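Please read the structure below before turning to the comments.
The values are calculated or read from the model by the stated rules, or taken from the named source; none is laboratory data. Fair warning: this is a prediction, and the values are worked out from it, not measured in the lab. Using ideal geometry, Cβ is built from the backbone for each residue, glycine included, and neighbour counts are taken over all protein chains shown. The area values use the complete protein model at the heavy-atom level, side chains included, leaving out ligands, DNA and RNA. Shrake-Rupley method; radii C 1.70, N 1.55, O 1.52, S 1.80 Å.
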Amino acid sequence: MDPRTRLERQARPASLLLNMGPSHPAMHGTMRIMLELDAERILNAECEIGYLHRGFEKTCENKTWFNLLIYTDRLNYVSPLINNLGYAMTMEKMLGLAVPERAQLIRVLMSELSRVSDHLTCLAAMAMENGAFTVFLYMMKAREFLWDVIEQTAGARMTTSYIRIGGVRADLRPGWREALAAAVRGTRAVLKDVSGLLDRNSIFIGRTRGIGAISREDALSYGWTGPCLRSTGIAYDVRKAHPYLVYDRLAFDVPVGEHGDNYDRYSVRMREMEQSLRLLEQTAALVPEAAPLPAGPVLEPDEAIRASRRRRASGRIRLSPNLEGSEKERQPGLMTPDRPVGVPPKEDAYTTMEGLISHFLFFMNGKGIRPPKGDVYFSVEGGNGEVGFYIVSDGSDRPYRLHLRAPCFHAVAALEQLIRGRLIADVIPTFGSLNMIGGEIDR
Amino acid sequence: MAADVLIVLAKAVLAMTWTLLLALFLTWVERKESAVMQDRIGANRASIFGLRLFGLFQPFADAIKMFFKEDFVPSFARKPLHWLAPAVSFFCVSVTMIAVPFGDAIRLFGRRIPLQVADLDAAVLFVLAMLGLGVYGILTGGWASANRFGLIGSLRGAAQLISYEVALGLSLVGLIMVFPSLRLSRIVEYQGGLLFGVLPKWGIFLQPLGFAVFFLAGLAETKRVPFDLPEGESEIIGFYTEYSGLKFGLFMFTDFLEVIVFAALAATLFFGGWQVPWLGDGGFVFPWGGRIAAAPWAVTVLRVLSFNLKVLFFCWLQILVRWTYPRLRYDQVMDLGWKVLVPAGAFNILATGLVLAVR
């Protein structure tokens with residue numbers, strides 16, 4: 001078999017072949033672009049994905065419904081909470097669960113935080129690829145503000161596994177309101193700085209205006225969604241088109257572009273971040289203060305276990321730090337009461353026979369969550385488009401098939417068309433503006 | 001005779017030391033200035049016996065690191081050329097500093113010693129020629145490493161430097177018409193007068209358009225953002241893709257030397273070189289009346305200081321530009337060079353000629 005790629009076979013003998021990636025500073029380590037060049041001009045391009053393939057979909061078929069959640073963290077690793085959300089909501093649709101209002105609001109908060117950090121990462125990389133290193137660091141700084149808020153509540157920055165089937169894992173930490181307000185304020189200031197540096201910068205406009213442009217028809221036929229599609233002028237946003245959570249009660253606009261070029265993708269993302277910050281403020285105002293936990297002595301787990309041997313223990317039990325926020329008293333606001341789809345309260349597992357049994361049953365193979373037979377598709381608006389899960393269940397404790405609709409897969413499919421006829425220097429910013437995330441595209 | 005040779009040697013060593021030390025210092029300035037701009041702290045860990053001095057020792061740490069890194073030469077590289085390229089780059093840039101006057105002249109042991117290594121007849125041409133020769137370093141570097149990224153980088157570099165050489169040359173023609181000499185020392189002396197009795201007669205006031213063209217073309221000559229196409233670290237990694245260790249360090253160092261050379265040229269040609277406004281040989285004479293007498297040694301010190309401050313200012317300005325703007329694209333750089341700067345330079349010559357003819 002001929003080991004050469006399609007492009008290598010078809011290239012004219014006179015042209016220069018340049019292999020960009022996967023070991024290339026701007027390829028995010030996970031993509032290879034083979035270029036056929038006439039000096040600086042690109043005659044043909046061939047994109048190759050698959051360098052971060054970990055078999056996500058196949059792995060999921062071997063994990064229980066509850067356990068596979070952690071694999072969704074690793075899809076779009078810039079906004080893991082939205083992946084969590086997509087999977088959890090697909091399962092809720094399959095199981096027919098209603099999620100408590102408070103959990104829904106927290107989910108909105110987390111999705112919008114993730115969306116802003118996703119856009120920040122994308123634009124930061126895009127600016128850096130255009131040579132504006134200062135913008136990159138400004139935006140990374142803003143992302144730190146947001147990730148601090150996420151970390152405060154979810155306990156992790158990337159591998160959050162925070163949004164669970166039926167609700168969320170833990171309540172917001174005390175002081176979240178001030179932390180969130182400070183993060184929003186800080187991010188706004190950074191966005192203003194970046195706008196000042198780039199919006200009307202003639203070098204930046206020269207490098208992005210008209211580059212990587214795509215028509216609406218082409219964008220639709222490639223299956224584009226998210227900011228990339230909106231940059232062409234089509235106002236399709238899953239949050240508006242098929243509202244989920246409480247998005248139908250919140251006021252926000254869907255910014256659109258006009259030409260579908262790199263500048264529009266930049267500008268759409270910038271304006272979307274502004275909308276997301278608006279959503280964060282609205283949602284934060286809707287979340288009621290958490291009721292304080294009952295006063296009284298706090299027992300250490302071993303004390304509670306010892307006490308429960310004689311009589312039913314009363315009072316609170318100190319949970320391990322990674323369960324903080326998911327105390328039994330908080331569960332009604334965070335987890336659906338309909339079916340046992342979340343981890344049963346740890347306090348019960350410590351102190352009652354029934355609690356211990358239900359805890360074991362939840363985690364034992366073949367027990368746990370058992371959705372009915374059938375298939376279901378549900379999608380949420382992710383950082384770079386429609387994140388959809390198509391799940392087929394055969395009624396067992398693990399999926400028969402799980403498919404992820406990764407938004408950047410469709411975007412990157414158009415890359416060859418976008419860069420053909422352009423210069424080498426246009427490859428990287430165009431690629432950056434599509435926001436390719438290796439973890440999501442290779443599944 | 002022997003004394004003359006010794007003096008020239010001493011001056012050459014001093015000039016070289018000054019340039020190299022300033023380049024080292026600039027690496028620190030670049031780190032710190034970018035850090036301040038980007039809300040970071042910047043390198044501050046290098047220390048000698050616990051003395052950190054805001055990371056001032058970082059350049060030495062970098063230099064030591066560069067020395068001890070593996071000097072990797074790809075097996076398919078053309079080794080002699082691969083070896084030669086950074087040396088050529090480094091030599092061509094550093095040698096230009098001999099033509100730059102650091103100050104007026106000092107009197108020592110009954111001799112008048114100009115603070116300039118060599119007062120060349122055609123110093124302006126010499127500097128331009130040497131900067132032009134620097135292209136060979138880039139070209140051989142990219143070619144000899146037999147890497148396609150390196151090759152593209154070196155071709156970009158050659159095209160860019162040669163194009164901007166034209167604009168740079170044109171921008172200086174107007175200046176040479178005003179100050180009728182190619183000697184840098186004479187050009188500086190001409191700038192000692194006053195314009196309208198108030199303004200110092202600096203090149204920037206006589207040739208504003210010329211300076212604009214010179215500044216942009218000079219930025220492009222230094223190959224830094226927004227003109228860092230030969231490097232283009234996020235696209236093609238650059239003409240030194242296959243360089244490591246001290247050879248890579250030499251290329252990097254050349255970059256900083258170019259910054260200094262360009263700053264020194266800008267100061268010398270357009271900002272009066274070592275001239276201090278209103279400072280004559282006897283002391284300050286202000287246009288609004290009033291004078292401050294100064295001893296000859298004080299005048300010399302002030303003048304050398306003035307030159308150094310101007311050079312530092314332009315280095316600072318270049319670093320500021322470097323960390324503010326995005327990078328241009330190849331065709332845009334060529335358009336700017338040939339369609340904007342070259343016509344502007346030509347127009348400047350015409351305008352200067354008209355003004356000189358009418359006056």
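For every residue, the table says whether it meets (1) under 29 Å from residue A:245 (Cβ atoms); (2) outside the structural domain of residue A:220 (by TED's automatic domain parsing); (3) among the basic types (Lys, Arg).
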residue	(1), (2), (3)
A:386	yes, no, no
A:389	yes, no, no
A:398	yes, no, yes
A:406	yes, no, no
A:421	no, no, no
A:426	no, no, no
A:431	no, no, no
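Which residues, counting only those in the range A:48-63, are crowded, with 18+ Cβ neighbours inside 10 Å and at pLDDT 90 or above?
Keep residues of the range A:48-63 that are crowded, with 18+ Cβ neighbours inside 10 Å, which gives A:49, A:52, A:56, A:60.
Across the range A:48-63, the qualifying residues are A:56, A:60.
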Practice task
Report, by residue number, each residue of the range A:171-185 that is open to solvent by less than 30 Å² (accessible area, probe 1.4 Å) and not in a helix (DSSP H, G or I).
Solution key: A:171, A:172
Problem - Filter pass, residue B:9 being assigned to a helix (DSSP H, G or I) and touching a residue at least 24 places away in the same chain (Cβ under 8 Å) - result: no
Exercise for the section: Hey, could you check the range A:391-443 for residues that are touching a residue at least 40 places away in the same chain (Cβ under 8 Å) and of a type in the set (Ser, Thr, Tyr) and say which is nearest to the other protein chains (Cβ to nearest Cβ)? Expected result: A:430
Practice task
Would you be able to say whether some residue in the range A:64-77 is over 20 Å from the mean Cα position of the chain (by Cα) and surrounded by fewer than 21 Cβ atoms within 10 Å (Cβ to Cβ)?
Solution key: no
Exercise for the section: Within the range A:226-238, identify whether any single residue is within 14 Å of chain B (Cβ to nearest Cβ) and of a type in the set (Phe, Trp, Tyr), and answer yes or no. Expected result: no
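If I filter the range A:201-212 for residues that are assigned to a loop (DSSP other than H, G, I, E, B), open to solvent by 50 Å² or more (accessible area, probe 1.4 Å) and within 14 Å of another protein chain (Cβ to nearest Cβ), do I get at least one hit?
yes
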Exercise for the section: Check A:71, A:77 and return the single one that is modelled with pLDDT under 90 and within 22 Å of residue A:409 (Cβ to Cβ). Expected result: A:77
Practice task
Could you please find all residues in the range A:235-256 being assigned to a helix (DSSP H, G or I) and either open to solvent by 10 Å² or more (accessible area, probe 1.4 Å) or of a type outside the set (Val, Ile, Thr) (or both)?
Solution key: A:239, A:240, A:241, A:247, A:248, A:249
Problem - Complete set of residues in the range B:119-138 that are in contact (Cβ under 8 Å) with a residue 40 or more places away in the chain, hydrophobic (A, V, I, L, M, F, W, C) and crowded, with 18+ Cβ neighbours inside 10 Å - result: B:123, B:124, B:127, B:128, B:131, B:138
Exercise for the section: Please tell me if residue B:242 is surrounded by 24 or more Cβ atoms within 10 Å (Cβ to Cβ), closer than 30 Å to residue A:425 by Cβ and charged (D, E, K, R). Expected result: no
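Taking the range A:213-229 as the search range and keeping residues that are among the polar types (S, T, N, Q) and in contact (Cβ under 8 Å) with a residue 40 or more places away in the chain, which one is most open to solvent (accessible area, probe 1.4 Å)?
Once the filter is applied, the top-ranked residue is A:215.
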Exercise for the section: Look at residue A:183 and say whether it is touching an Asp or Glu at 6+ places or on another chain (Cβ under 7 Å), farther than 30 Å from residue A:371 by Cβ and assigned by TED's automatic domain parsing to the domain that holds residue A:263. Expected result: yes
Problem - Selected residue (criterion: surrounded by the most Cβ atoms within 10 Å (Cβ to Cβ)) from residues of the range B:313-346 that are closer than 23 Å to residue B:268 by Cα and of a type in the set (Phe, Trp, Tyr) - result: B:314
Handout entry: Residues of the range A:9-21 satisfying the condition of being farther than 19 Å from residue B:146 by Cβ and either in contact with a Leu (Cβ under 6 Å, 6 or more places away or on another chain) or within 14 Å of chain B (Cβ to nearest Cβ) (or both)
Key = A:11, A:21
Handout entry: Filtered residue count, the range A:335-349, keeping only those that are in contact with a Ser or Thr (Cβ under 7 Å, 6 or more places away or on another chain) and either aliphatic (A, V, I, L, M) or open to solvent by 30 Å² or more (accessible area, probe 1.4 Å) (or both)
Key = 1
Handout entry: Condition check for residue A:315: open to solvent by less than 30 Å² (accessible area, probe 1.4 Å), small (Gly, Ala, Ser) and over 23 Å from the mean Cα position of the chain (by Cα)
Key = no
Practice task
Please work out if residue B:64 is out of contact with any Phe, Trp or Tyr (no Cβ under 9 Å at 6 or more places or on another chain), within 14 Å of chain A (Cβ to nearest Cβ) and farther than 30 Å from residue B:2 by Cβ.
Solution key: no
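Okay, residues lined up against (1) within 14 Å of chain B (Cβ to nearest Cβ); (2) in contact with a helix residue (DSSP H, G or I) (Cβ under 7 Å, 6 or more places away or on another chain); (3) surrounded by fewer than 24 Cβ atoms within 10 Å (Cβ to Cβ):
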{"residue": "A:88", "(1), (2), (3)": "no, no, no"}
{"residue": "A:100", "(1), (2), (3)": "no, yes, yes"}
{"residue": "A:108", "(1), (2), (3)": "no, yes, no"}
{"residue": "A:127", "(1), (2), (3)": "yes, yes, no"}
{"residue": "A:137", "(1), (2), (3)": "yes, no, yes"}
{"residue": "A:152", "(1), (2), (3)": "no, yes, yes"}
{"residue": "A:161", "(1), (2), (3)": "no, yes, yes"}
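Among the residues of the range B:144-162, what is the count of those that are away from chain A (no Cβ under 14 Å) and surrounded by fewer than 20 Cβ atoms within 10 Å (Cβ to Cβ)? Before the answer, list the steps.
Of the range B:144-162, the ones away from chain A (no Cβ under 14 Å) are B:144-145, B:161-162.
Next, from what is left, pick out any that are surrounded by fewer than 20 Cβ atoms within 10 Å (Cβ to Cβ): B:162.
Count: 1.
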Exercise for the section: Hand me the list of helices (runs of 4 or more DSSP H) wholly inside the range B:165-266 holding 1 or more residues that are of a type outside the set (Lys, Arg) and under 15 Å from the mean Cα position of the chain (by Cα). Expected result: B:184-190, B:208-221
Practice task
Go through the range A:23-45 and count every residue that is at pLDDT 85 or above, away from chain B (no Cβ under 13 Å), open to solvent by 10 Å² or more (accessible area, probe 1.4 Å) and within 22 Å of residue A:126 (Cβ to Cβ).
Solution key: 1
Problem - Checklist (1) in a loop (DSSP other than H, G, I, E, B); (2) open to solvent by 10 Å² or more (accessible area, probe 1.4 Å); (3) among the hydroxyl-bearing types (Ser, Thr, Tyr) applied to residue A:232, failing item - result: (2)
Practice task
Among the candidates B:311, B:321, single out the residue that is within 30 Å of residue B:40 (Cβ to Cβ), assigned to a helix (DSSP H, G or I) and within 12 Å of another protein chain (Cβ to nearest Cβ).
Solution key: B:321
Practice task
Can you tell me which residue among B:43, B:3, B:23 is outside any loop (DSSP other than H, G, I, E, B) and surrounded by 15 or more Cβ atoms within 10 Å (Cβ to Cβ)?
Solution key: B:23
